[in-house]
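Novice: Sharing a structure below in structure tokens format, with a few things to ask.
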Amino acid sequence: MSDLTRTLPAAVAEEFAVEQLRDCIGLVLEAARARGADAVEAGLHIESGLSVNVRLGEVDTLEYHRDKGLGVTVYHGTRKGSASTTDLSERALRETVQAACDIARYTAEDPCNGLAPAERMAREAPELDLYHPWEISNEEAIEQARATEAEALEFDPRITNSEGASLNSHSGLRLYGNSHGFLGGYASSRHSLNAAVIAEDASGMQRDYWYTVARDPRALESPATVGRTAAERALARLGASSMPTGPQPVIFEAGVARGLIGHFLRAINGNALYRRSSFLVDSLGESLFPDWMRIDERPHLRGALGSAPFDSEGVATAPRDIVSAGVLQGYVLDSYAACRLGMETTGNAGGTHNVFVTHQDMDRAALLREMGSGILVTDLMGQGVNNVTGDYSRGAAGFRVENGVITTPVEEITIAGNLRDMFAGIRNIANDLDTRGNIVTGSILVDGMTVAGD
């Protein structure tokens, strides 16, 4: 048996009573086999957190969260049944297993149902430094949120209102075990601070926001920085107007460029591919991006938001190239989708892990100069992306750029194209990396887009 929970730090094992949780999973696996299951898997989570929201200096909400639960999936041949419970007593666990087995009697047979291959289970647990609980009191959390909002409101008299500031702190433990003899778990934490404010002058009102997020609270930006940045962004949008319709190069600011790469990752996800509901079906080995581009996955970065030692099926994660020299090297697959496609899992059950996009040795100012004239997009609205055809059309706001210099703010425009053409039309990527998520990229310059305005 591969028991990676034995490598958990002693403090974590004691805090979460890992020995008892290990026994819960062991009971579930044993009970399922006793009821005739050919294979079984179970996942257990315990999470807790604090959320504070203030608006105009007053506490809007103060919430403490504590959640736990266990989910079990059994396989009777190629029939599958799943059930879950928040009660971890022995009786409840046995009833949950019985419910999963009963459900499996009525489900259709599917030859791809089953556990991920035994040989792909994680055998090591790299130390990823993901767990940094924040011992912050209610009063301290409220004070930080208030300070964030106050910094924004006091920054400039044109900041006239606030949508509030929030502090969130969450931590927890996840365990997964299956009838291959695998048992693994890891603790993690996630903390954030954000503010959204409204600026107003004779031209009207504009809203913008800023946030910071990290595993370790010591890595968060200060309340002053978050509040000031939110105010500066709102002020910069004052006086925004639309613009004439026509073709324009577009720079996606790093924070919104993450979404552009997210559309690509969804298009190469196995669930969309085997259903043939993606514009990138059968695209493996195709040149989709410029030949200098690389997109790779780095699941073992210490302290990163997307790091994990194994995926939600126990499959070991590993660094890999998704795109190399512009060519698609691999899809994003769990074991079921891999089976449907006649491939092997890529260790992505539950999603990707720290996707990095190649950037050039230039800052955003240099990228603006390279574009010359066009649009810098800092905000996107709407859901106008068709994953089947790749057609892309979204409302946008940002700034006009003339001769490499930001001039006036723009709003009420639509940017449109096709994602295949947009990926191929990437001219350059700046080094202003936004690390506040699972996808890390700089600002992306895309040629050949249609901008619709007046």
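The values are calculated or read from the model by the stated rules, or taken from the named source; none is laboratory data. Computed from a prediction, not measured in an experiment: that's the story for all the values here. Cβ atoms come from the backbone with ideal geometry, glycine included; neighbour counts cover every protein chain shown.
Novice: In segment 185-221, which residues are touching a helix residue (DSSP H, G or I) at 6+ places or on another chain (Cβ under 8 Å), of a type in the set (A, V, I, L, M) and surrounded by fewer than 19 Cβ atoms within 10 Å (Cβ to Cβ)?
Specialist: Hit for segment 185-221 is ILE198, nothing else.
Novice: Considering every residue within segment 68-82, establish whether at least one is in contact with an Asp or Glu (Cβ under 6 Å, 6 or more places away or on another chain), of a type in the set (S, T, N, Q) and surrounded by 17 or more Cβ atoms within 10 Å (Cβ to Cβ).
Specialist: yes
Novice: How many residues are more than 30 Å from GLU119 (Cα to Cα), assigned to a loop (DSSP other than H, G, I, E, B) and of a type in the set (Ser, Thr, Tyr) if we restrict to segment 168-216?
Specialist: The total comes to 1.
Novice: Of the numbered conditions (1) part of a strand (DSSP E or B); (2) more than 30 Å from LEU167 (Cα to Cα); (3) within 29 Å of the chain's Cα centre (by Cα), VAL59 fails exactly one; give the number of that condition.
Specialist: VAL59 satisfies every listed condition except (2).
Novice: Only one of these conditions is not met by ALA99: (1) assigned to a loop (DSSP other than H, G, I, E, B); (2) farther than 30 Å from ALA141 by Cβ. Which number is it?
Specialist: Single failed check for ALA99: (1).
Novice: If you scan segment 330-352, which residues turn out to be under 21 Å from the mean Cα position of the chain (by Cα), outside any loop (DSSP other than H, G, I, E, B) and among the aliphatic types (A, V, I, L, M)? Please lay out each step first, then the result.
Specialist: Just the residues of segment 330-352 that are under 21 Å from the mean Cα position of the chain (by Cα), to begin with: 330-335, 337, 345-352.
From what is left, the residues that are outside any loop (DSSP other than H, G, I, E, B) are 332, 335, 337.
The answer is VAL332, ALA337.
Novice: Can you tell me which condition LYS68 does not meet? The list is (1) assigned to a strand (DSSP E or B); (2) more than 21 Å from ALA308 (Cα to Cα); (3) among the charged types (D, E, K, R), and all the others hold.
Specialist: Status for LYS68: all satisfied but (2).
Novice: For residues that are under 32 Å from the mean Cα position of the chain (by Cα) and within 28 Å of ALA17 (Cα to Cα), tally how many sit in segment 62-98.
Specialist: Qualifying residue count, segment 62-98: 23.
Novice: Evaluate segment 111-120: report whether one residue or more is surrounded by fewer than 19 Cβ atoms within 10 Å (Cβ to Cβ) and assigned to a helix (DSSP H, G or I).
Specialist: Our first condition is that a residue be surrounded by fewer than 19 Cβ atoms within 10 Å (Cβ to Cβ); within segment 111-120, this holds for 111-112, 114, 117-119.
Still in the running and assigned to a helix (DSSP H, G or I): 118-119.
Looking through segment 111-120, at least one residue is surrounded by fewer than 19 Cβ atoms within 10 Å (Cβ to Cβ) and assigned to a helix (DSSP H, G or I).
Novice: Now a separate question. Just checking, does segment 34-42 include any residue being in the same structural domain as ILE142 (by TED's automatic domain parsing) and exposed (fewer than 15 other Cβ atoms within 10 Å of the Cβ)?
Specialist: Residues of segment 34-42 that are in the same structural domain as ILE142 (by TED's automatic domain parsing), as a first pass: 34-42.
If we keep only those that are exposed (fewer than 15 other Cβ atoms within 10 Å of the Cβ) as well, we get 34, 36.
Yes: segment 34-42 contains one or more residues that are in the same structural domain as ILE142 (by TED's automatic domain parsing) and exposed (fewer than 15 other Cβ atoms within 10 Å of the Cβ).
Novice: Out of the residues in segment 163-184 that are over 19 Å from the mean Cα position of the chain (by Cα) and either among the acidic types (Asp, Glu) or surrounded by fewer than 22 Cβ atoms within 10 Å (Cβ to Cβ) (or both), state the one that is farthest from THR7 (Cα to Cα).
Specialist: GLU163
Novice: Which of the residues that make up segment 412-429 are among the hydrophobic types (A, V, I, L, M, F, W, C), under 16 Å from GLN383 (Cβ atoms) and surrounded by fewer than 21 Cβ atoms within 10 Å (Cβ to Cβ)?
Specialist: ALA416
Novice: Which ones in segment 433-454 are closer than 25 Å to LEU305 by Cα and in a strand (DSSP E or B)?
Specialist: Once the filter is applied, which keeps residues that are closer than 25 Å to LEU305 by Cα and in a strand (DSSP E or B), segment 433-454 yields ASP434, ILE439, VAL440, THR441, ILE444.
Novice: Separate question: All but one of (1) surrounded by 14 or more Cβ atoms within 10 Å (Cβ to Cβ); (2) among the acidic types (Asp, Glu); (3) touching a residue at least 12 places away in the same chain (Cβ under 8 Å); (4) farther than 18 Å from ALA224 by Cβ hold for GLU95; state the number of the condition that does not hold.
Specialist: Condition not satisfied by GLU95: (3).
Novice: Follow-up. Would you be able to tell me the number of residues in segment 279-299 that are over 22 Å from VAL446 (Cα atoms) and surrounded by fewer than 17 Cβ atoms within 10 Å (Cβ to Cβ)?
Specialist: Of the residues in that region, 4 qualify.
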